[in-house]
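Before any comments, here is the structure.
The values are calculated or read from the model by the stated rules, or taken from the named source; none is laboratory data. Keep in mind that this is a model prediction, so the values were computed, not measured. Heads up, the Cβs are rebuilt from the backbone with ideal geometry, glycines too, and the neighbour counts pull from every protein chain shown.
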Amino acid sequence: MRYLALALAGFALACAKDTGAVGDEAKIRGLDSAWAKAAAAKDLDQATAVYADNASMLAPGEPIATGKTAIRAAWQGMLGLPAANLTFGPDKIDVSGDRAIDLGTYTLTYNDKAGKPQTSKARYVVVWGRQADGTWKVLVDTPTTTQ
């Protein structure tokens, strides 16, 4: 009987951990949604507010942008492209403790120098980190060219 009680207690603790991860996943999905809305609205302040102070952005063909100032400049360049339109969203979020991996897809459309629309559809990897105050911030943002 004592072993059954221990097994049930262990099961209850495991379920509590899973519930926390599910809750954290929901929080990150909410942050992703607000982030995508900010990008669609070309709201530079809100689009870059999700990044931790020491975050890095590794955009294809660009130098690594580390820190909020560099990341803001990268976003400003992207959102400043003629007729820029960026949409993105997660396909899978895996939370483990104070870190989460967010795998998703994005579409970036803009007009080239001739005014012709160019569209890039690909995938991204974002690493989220729980901050000391309990909030989640982006630590690494890696849009890829992989479809």
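If you go through the range 74-90 one residue at a time, how many are part of a strand (DSSP E or B), farther than 21 Å from I64 by Cα and more than 11 Å from the chain's Cα centre (by Cα)? Matching residues across the range 74-90 total 2. Sort out which residues of the range 61-113 are aliphatic (A, V, I, L, M) and on the phi > 0 side of the Ramachandran plot, and write them in order of number. A83 - this is the single residue of the range 61-113 that is aliphatic (A, V, I, L, M) and on the phi > 0 side of the Ramachandran plot. Residues being modelled with pLDDT of 95 or more, loosely packed, with under 12 Cβ neighbours inside 10 Å and not small (G, A, S) are entirely absent from the range 34-41. For the range 52-103, the candidate set comprises residues that are exposed (fewer than 12 other Cβ atoms within 10 Å of the Cβ) and of a type in the set (G, A, S); within that set, the residue that is farthest from L139 (Cα to Cα) is A83. Scanning the range 103-117 for residues that are part of a strand (DSSP E or B) and either out of contact with any Phe, Trp or Tyr (no Cβ under 8 Å at 6 or more places or on another chain) or at pLDDT below 95 (or both) yields L108, T109, Y110, N111. Please verify whether A12 is in a strand (DSSP E or B), of a type outside the set (D, E, K, R) and either at pLDDT below 95 or surrounded by 11 or more Cβ atoms within 10 Å (Cβ to Cβ) (or both), treating the condition exactly as stated. So A12 fails the test. Of all residues in the range 134-147, those that are closer than 13 Å to D53 by Cβ and at pLDDT 95 or above have Cβ atoms under 7 Å from Cβ atoms of residues that are of a type in the set (V, I, T) and not in a strand (DSSP E or B), 6 or more apart or on another chain, in K137/V50; V138/V50. Among residues of the range 43-62 that are under 20 Å from T135 (Cα atoms) and in contact (Cβ under 8 Å) with a residue 40 or more places away in the chain, those with a beta-carbon under 7 Å from a residue that is in a helix (DSSP H, G or I) and not aliphatic (A, V, I, L, M) at least six positions away or on a different chain give the pairs V50/W35; Y51/K68.
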